[in-house]
Amino acid sequence: MTAAFLYNATVPSDAGRNISGENSLRLIRPGILFPGLGVLWLLAGVAALASGSADLDGAQVWQALTGSAPDNVRRLVLELRLPRALTAFGVGGLLAVSGVLMQVLLRNPLAEPYILGSSGGAAVAALLAMMFGLGAALVDFAAFGGAMAATVLVFSIAQGSGSWTPARLLLTGVVLAAGFSAATTLLLALSPDQNLRGMLFWLMGDLNYAYAPAQSLWLLGIITLLGTVAARHLNVLARGDLQAAIVGLPVAGFRLMVFAVTALATAISVTTVGVIGFIGLVVPHLIRIVAGSDHRIVLPASALAGGVLLVIADTLARTLLAPRQLPVGALTATLGVPLFLILMSRSRVRDS
């Protein structure tokens, strides 16, 4: 009874604090934030369906969605652009949600989904599969296996002879990520010239073959729903293990479960579209700045914002130099670096 009382009393007082424990100013109310993100999602989706090497107008997109468009327009929208846009939304949402969870678990505002080496493990395994000329399905399977194996390896090394800590886990992930990066460079140097373009596009994020959105969308919905339900636990855990244990939260089991979910979401994302950076880092910061740090808001808002951001980036990647396509990971980095610097400078000004 006492633990439950402390737990319920603690959460509201922490809801307005960020990962570092500093006060943050809530600028946008949820009643405005979520409808605004919904409008952005709608606009980004329409742009994704209408834009490309062959531009369509709004009427043609609507006719294709309702089944009254000519056959070639209907196939273009329903079989190519719509699955790609849905995949981009699902993967972007997964990366953003994974970034939120990793920043809470490691209590580090610079943590992001790939911090545990999952992207490096996936890259090494996928490039090896490409070097041996395996098919797309086997490349995806290798990438997923490499991502999960890298995460297990990080946990095993970080645990050592005792229990792992966030600092040890973070350091182990960074070191192994550097090792995976060296292995990736070596594989690229040894690969045949005809394979290099496909490998580089995969490493920088590629949605050219992302036409199966159901897996990422279902996983995003489940993780967002469960994470929102468990948002009070995340609010307490963000304040530290000791405070979470005092209020009765089973810290070790809860953290391990969330780490497993984050690893699965990151592995699915990397397997689906390759390595796409900055979404899991920038989006949680942006949402916390405009809406506070209550994870009942941060988690679903990050899922929407991450999905919208990747849809926009993929649309730009397809249209800027059409009919040529740019690697979407390069676009997210181009958008993410200045945005992150702006967010950090605004945060410093507000804190001072």
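Throughout, read-outs are computed from the coordinates displayed, never taken from laboratory work. Just so you know, these numbers come straight off a predicted model, no measurement behind them. Here the Cβ positions follow ideal geometry from the backbone for every residue, glycine too, while neighbour counts run over all protein chains shown.
Points to keep in mind about this one:
- Between residue 322 and residue 165, the contour length at 0.36 nm per residue exceeds the Cα-Cα span by 51.7 nm.
- 222 nm mean residue ellipticity, helices alone, for the chain (DSSP H n ≥ 4; -39,500 (n - 2.57); rounded to 500): -24500 deg cm²/dmol
- Extension gain, residue 214 to residue 245, is 7.4 nm, computed as 0.36 nm per intervening residue step minus the present C-alpha separation.
- Leading residue at positive end of dipole, the stretch 2-351 (Cβ point charges), from 286, 213, 61: 286
- Packing rank of 334-341, 263-270, where each peptide gets the mean count of other beta carbons within 10 Å, highest leading: 263-270, 334-341
- The charge dipole of the chain, taken about its Cα centre with unit charges on the Cβ of Lys, Arg, Asp and Glu (plus for the first two, minus for the last two), comes to roughly 640 debye.
- Listed peptides 279-286, 247-254, 148-155 appear in the order 279-286, 148-155, 247-254 once ranked by packing, highest mean of other Cβ atoms within 10 Å at the front.
- Relative to the longest principal axis of the Cα atoms of the chain, the long axis of helix 295-319 lies at roughly 20 degrees.
- Each principal axis of the Cα cloud of the stretch 190-234 was evaluated for its coordinate range; sorted largest first, these ranges are 51, 23, 11 Å.
- The length gained by stretching the chain between residue 132 and residue 342 to full extension, at 0.36 nm per residue less their Cα-Cα distance, is 71.3 nm.
- Positive-pole candidate from 86, 275, 237, dipole of the stretch 2-351, charges at beta carbon: 237
- Peptide packing for 320-331, 184-195, 289-300, 77-88 was compared via the average number of neighbouring C-beta atoms within 10 Å per residue; ordered from the highest value, the list is 289-300, 77-88, 320-331, 184-195.
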